[in-house]
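Single-structure report; data block below.
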Amino acid sequence: MVKPASIQPIGQEARVAMLVHGYPGSGKTYLASTMPRTLIIRPMVDHTVSIPTENRKNVQEAVVTSWPDMWELRDYLLYGSPEEEFDWVWLDSISAFQEIGLQDIFDVIVAAKPHRAGGPIDRGEYGENMRRLADFVRLMVGKAHIHFGITAWPFPTESPTGEDIFMPWVQGKSMPERITGYMNVVGYMAIHQKTNRRREKVGDPYRTMFTNLTDRYYAKDQFDAFGGELVDPTMPKIMAAIEATGRLGSSEAPAPKRRTGARRRPR
């Protein structure tokens, strides 16, 4: 039997897939805005007002209110030429959008079945929302030709050892593990401030992105680029650290082409 062409020497990773989770206000949106040629996809209940004036020339945003909005962006990112305008695209945040997506699915159900108005939202709607979220992330990581980032809020969940650990908040059984499993970098963002011996706060607060798994929060660094943490992180710092490992290459493969007459996924 002929050796399958799919068997090849291990190569360099072509793109970064990164998730950053932390409490609102910890600097996740600011971090995304520090890299030129960035697109931020955000639900209408999330915000970009934290982006300072000097960074706004770097960034464009797409405000989404429904799954059709997300599908339109998905099609552009997969089948258009986003790399001509953007190097990074961020979903900011998956925690906020999952609520918007779920409500959109339920609104469609109520339009067809008015007696469902007022709820409750059933397991089927939750399951469909989970499937769509996983599909979107998987396609962005596996087929898009630009770097992809996600922000999320944290929530405490029980670890295999029985202790609480902060994971990104994505609704559904095993969904946090599923989404983080697609990523090659997961950072936990926190704000710190130095104190003196009297425990008085001194100096300005500073941000730290932690990248090693601990018994307090989930994180990972498959590039082995950060030594466990990065103080005052910015995207140029992050990319420089990753590129210094020699494990990040470039993708010259053409973007996937849409099949002629392909049917759009139903709502």
>> It is to be established whether one or more residues within segment 45-52 are among the polar types (S, T, N, Q) and surrounded by fewer than 20 Cβ atoms within 10 Å (Cβ to Cβ).
In response: yes
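Just give me the residues in segment 191-239 being among the small types (G, A, S), surrounded by fewer than 19 Cβ atoms within 10 Å (Cβ to Cβ) and under 19 Å from the mean Cα position of the chain (by Cα), in sequence order.
Going residue by residue through segment 191-239, those that are among the small types (G, A, S) are 203, 219, 225, 227-228.
Subsequent filtering for residues that are surrounded by fewer than 19 Cβ atoms within 10 Å (Cβ to Cβ) retains 203, 227-228.
Within segment 191-239, no residue meets the criteria.
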> Within the bounds of segment 139-149, is there any residue that is of a type in the set (D, E, K, R), out of contact with any Leu (no Cβ under 7 Å at 6 or more places or on another chain), over 23 Å from L31 (Cα atoms) and at pLDDT below 95?
Replying inline: no
> Which members of segment 206-226 meet the condition of being in contact (Cβ under 8 Å) with a residue 40 or more places away in the chain and of a type in the set (D, E)?
Replying inline: D215
> If the Cβ limit is 9 Å and pairs must be 6+ apart or interchain, which residue in segment 183-205 that is part of a loop (DSSP other than H, G, I, E, B) pairs with which residue that is of a type in the set (D, E) and surrounded by 10 or more Cβ atoms within 10 Å (Cβ to Cβ)?
Replying inline: N184/E13; N184/D221
> Looking at (1) surrounded by fewer than 19 Cβ atoms within 10 Å (Cβ to Cβ); (2) free of Cβ contacts under 8 Å to residues at least 40 places away in the same chain; (3) on the phi < 0 side of the Ramachandran plot, which is the one condition that is false for G101?
Replying inline: (1)
>> I'd like the full set of residues that are within 21 Å of F155 (Cβ to Cβ), out of contact with any strand residue (DSSP E or B) (no Cβ under 9 Å at 6 or more places or on another chain) and of a type in the set (F, W, Y), limited to segment 86-144.
In response: Y126
>> Among the residues of segment 240-251, what is the count of those that are surrounded by 10 or more Cβ atoms within 10 Å (Cβ to Cβ) and touching a residue at least 60 places away in the same chain (Cβ under 8 Å)?
In response: 5
>> Just checking, does segment 174-184 include any residue being in contact with a Phe, Trp or Tyr (Cβ under 9 Å, 6 or more places away or on another chain), of a type in the set (V, I, T) and closer than 17 Å to T65 by Cα?
In response: no
>> Consider segment 182-200. How many of its residues are modelled with pLDDT under 95 and small (G, A, S)?
In response: 1
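Of the residues G228, G203, G172, which single one is in contact with a helix residue (DSSP H, G or I) (Cβ under 7 Å, 6 or more places away or on another chain) and on the phi > 0 side of the Ramachandran plot?
Numbers: G228 fails: in contact with a helix residue (DSSP H, G or I) (Cβ under 7 Å, 6 or more places away or on another chain); G203 fails: in contact with a helix residue (DSSP H, G or I) (Cβ under 7 Å, 6 or more places away or on another chain).
Matching residue, one of G228, G203, G172: G172.
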> Of L78, L91, L102, which residue is touching a Pro at 6+ places or on another chain (Cβ under 7 Å) and either closer than 24 Å to V186 by Cβ or not hydrophobic (A, V, I, L, M, F, W, C) (or both)?
Replying inline: L78
>> I need every pair where a residue in segment 39-50 that is among the polar types (S, T, N, Q) has its Cβ under 8 Å from the Cβ of a residue that is not in a loop (DSSP other than H, G, I, E, B), sequence separation at least 6 or different chains.
In response: T48/T29; T48/I40; T48/R42; T48/V59; T48/E61; S50/T29; S50/Y30
>> Could you tell me how many of the residues in segment 62-73 are crowded, with 18+ Cβ neighbours inside 10 Å and either touching a Ser or Thr at 6+ places or on another chain (Cβ under 9 Å) or free of Cβ contacts under 8 Å to residues at least 12 places away in the same chain (or both)?
In response: 1
> Any idea which of (1) farther than 18 Å from T151 by Cα; (2) surrounded by 13 or more Cβ atoms within 10 Å (Cβ to Cβ) is the one Q12 doesn't satisfy?
Replying inline: (2)
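Could you tell me whether R132 is among the basic types (K, R) and crowded, with 17+ Cβ neighbours inside 10 Å?
yes
The values are calculated or read from the model by the stated rules, or taken from the named source; none is laboratory data. This structure is a prediction, so every number in the text was calculated from the model and none was measured. Positions of Cβ are generated from backbone atoms using ideal geometry, with glycine treated the same way; all protein chains shown enter the neighbour counts.
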